[in-house]
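Notes follow once the structure below has been shown.
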């Protein structure tokens, strides 16, 4: 597996190559870099800031179209700044430095190492610092404004623990619409997902939309899934589903390379079980050529010849190293689109629903197994599940409040794009 440092190095090299290729045009437009591109409540966003944010999102491999997400993110930051300045909130320098260290640690780097690395791709330290500072100020405002209303009661934790048991508790009946976020269609599909989540009000409408728009193989049956143990459902989907009534549709949920909508068709509580947190073990094989009849035929031949994940080591020895990977991760850490497919599988079953690199590779995905061990912290101690779940439910609620508040700020703002 390629290390974090190697992956970042590769991303930087690709970004630098792109910048080199565009150098003459960029030089010609240099004088326009600091001109106003957008105003938000009389606060200016320059072309330079847009360029910097786009580069930064590229490095982070953030979902969606970087150009579109850069504009949206900077507008949202100005809206947040409007609210935090009004509340007199400005993070102390020590808080910002600590936040930068925390962010960089996700890539196993110090803040200085991270700044040096992104600098190779043309991102200024101030871009990283401003990104972190804006997030810290907004978090402080939101916690002060909505923290008390987001508290979780003990009975709510009891019910959530029972529902999330993997050998009992509950099972769920869902329908899905999965829309890819490859660059050519990302903006359109993000907008489509939002529109569908706001307008679908019946199972028949959801089914029709799934047949028309969904990229999942379930589209032929209107997006309908079989009954799933709630504990098998990826955490971000499970959290959204638990807030729905039958027939309701979730907001658009990020699945990494796709965005998903889920309609609750049924929820059955069964015998309560001790809550267990899963680790998922799975194998992936990449087939060049994308989702074509030829590659699907090769994948079908694989499925016929190789019954278990261990069997896949036989063909893997003749493949490029990056084409085969066997992974064990806590369920919460599995990429969203992979986690959704694994939720539908039993051990040694296969999915060929996914692609990678803008559809250039078909993903042959096999579930090796589910581990039902209690989660351990970095010191090998059992995690307090009640405290963990309390934090998850609290974060879910306060995020919902924050998103609604940001929508209010956007509705009241004067936004002018040049």
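The values are calculated or read from the model by the stated rules, or taken from the named source; none is laboratory data. Everything numeric in this text was worked out from a predicted model, so none of it was measured. Note that each Cβ is placed from the backbone with ideal geometry, even for glycine, and that neighbours are counted across all protein chains shown.
Does at least one position in region 82-92 carry a residue that is farther than 24 Å from residue 40 by Cβ and either in contact with a helix residue (DSSP H, G or I) (Cβ under 7 Å, 6 or more places away or on another chain) or crowded, with 19+ Cβ neighbours inside 10 Å (or both)? Give the steps one after another, and end with the answer.
Step one: list which residues in region 82-92 are farther than 24 Å from residue 40 by Cβ, which gives 92.
If we keep only those that are either in contact with a helix residue (DSSP H, G or I) (Cβ under 7 Å, 6 or more places away or on another chain) or crowded, with 19+ Cβ neighbours inside 10 Å (or both) too, we end up with none.
No: region 82-92 contains no residue that is farther than 24 Å from residue 40 by Cβ and either in contact with a helix residue (DSSP H, G or I) (Cβ under 7 Å, 6 or more places away or on another chain) or crowded, with 19+ Cβ neighbours inside 10 Å (or both).
Taking the stated definitions as given, is residue 135 assigned by TED's automatic domain parsing to the domain that holds residue 107 and either touching a helix residue (DSSP H, G or I) at 6+ places or on another chain (Cβ under 8 Å) or assigned to a strand (DSSP E or B) (or both)? Spell out how you get there, then give the answer.
Details: assigned by TED's automatic domain parsing to the domain that holds residue 107: yes; either touching a helix residue (DSSP H, G or I) at 6+ places or on another chain (Cβ under 8 Å) or assigned to a strand (DSSP E or B) (or both): yes.
Yes, satisfied.
For region 145-179, how many residues meet the condition of being at pLDDT below 70, within 25 Å of the chain's Cα centre (by Cα), in a helix (DSSP H, G or I) and surrounded by fewer than 20 Cβ atoms within 10 Å (Cβ to Cβ)?
1
Just give me the residues in region 320-351 being under 22 Å from residue 177 (Cα atoms) and in contact (Cβ under 8 Å) with a residue 60 or more places away in the chain, in sequence order.
Within region 320-351, 331, 332, 334, 335, 336, 337, 338, 339, 340, 342, 343, 344 qualify.
Under the condition of being out of contact with any strand residue (DSSP E or B) (no Cβ under 6 Å at 6 or more places or on another chain) and closer than 29 Å to residue 86 by Cβ, which residue from region 29-45 is modelled with the lowest pLDDT?
Step one: list which residues in region 29-45 are out of contact with any strand residue (DSSP E or B) (no Cβ under 6 Å at 6 or more places or on another chain), which gives 29-33, 35, 41-43.
With the extra rule that they be closer than 29 Å to residue 86 by Cβ, the set shrinks to 35, 41-43.
Values: 35: 91, 41: 90, 42: 87, 43: 92.
Once the filter is applied, the top-ranked residue is 42.
Applying the selection to region 191-232, what residues are touching a residue at least 60 places away in the same chain (Cβ under 8 Å), over 22 Å from residue 334 (Cα atoms) and crowded, with 19+ Cβ neighbours inside 10 Å?
Those that are touching a residue at least 60 places away in the same chain (Cβ under 8 Å), over 22 Å from residue 334 (Cα atoms) and crowded, with 19+ Cβ neighbours inside 10 Å: 193, 196, 197, 200.
List the number of the failed condition for residue 268; all other conditions in (1) touching a helix residue (DSSP H, G or I) at 6+ places or on another chain (Cβ under 9 Å); (2) touching a residue at least 12 places away in the same chain (Cβ under 8 Å) hold.
(1) is the only condition that residue 268 fails.
Could you list all residues from region 347-359 that are touching a strand residue (DSSP E or B) at 6+ places or on another chain (Cβ under 7 Å) and part of a loop (DSSP other than H, G, I, E, B)? Working first, answer last.
To start, the set of residues in region 347-359 that are touching a strand residue (DSSP E or B) at 6+ places or on another chain (Cβ under 7 Å) comprises 347-352, 354-356.
The answer is 347, 348, 349.
Output the residues belonging to region 219-247 that are within 21 Å of the chain's Cα centre (by Cα), under 19 Å from residue 258 (Cα atoms) and not in a loop (DSSP other than H, G, I, E, B).
Within region 219-247, 235, 236, 237, 238, 239, 240, 241 meet the criteria.
Of these, 299, 273, 332, which one is at pLDDT below 85 and in a helix (DSSP H, G or I)? Reasoning before the result, please.
Details: 299 fails: at pLDDT below 85; 273 fails: in a helix (DSSP H, G or I).
Among 299, 273, 332, only 332 is at pLDDT below 85 and in a helix (DSSP H, G or I).
Under 7 Å by Cβ, and 6 or more places apart or on different chains, what pairs join a residue from region 99-119 that is assigned by TED's automatic domain parsing to the domain that holds residue 56 with one that is part of a loop (DSSP other than H, G, I, E, B)?
Pairs found: 101/110; 104/110; 114/107; 117/109.
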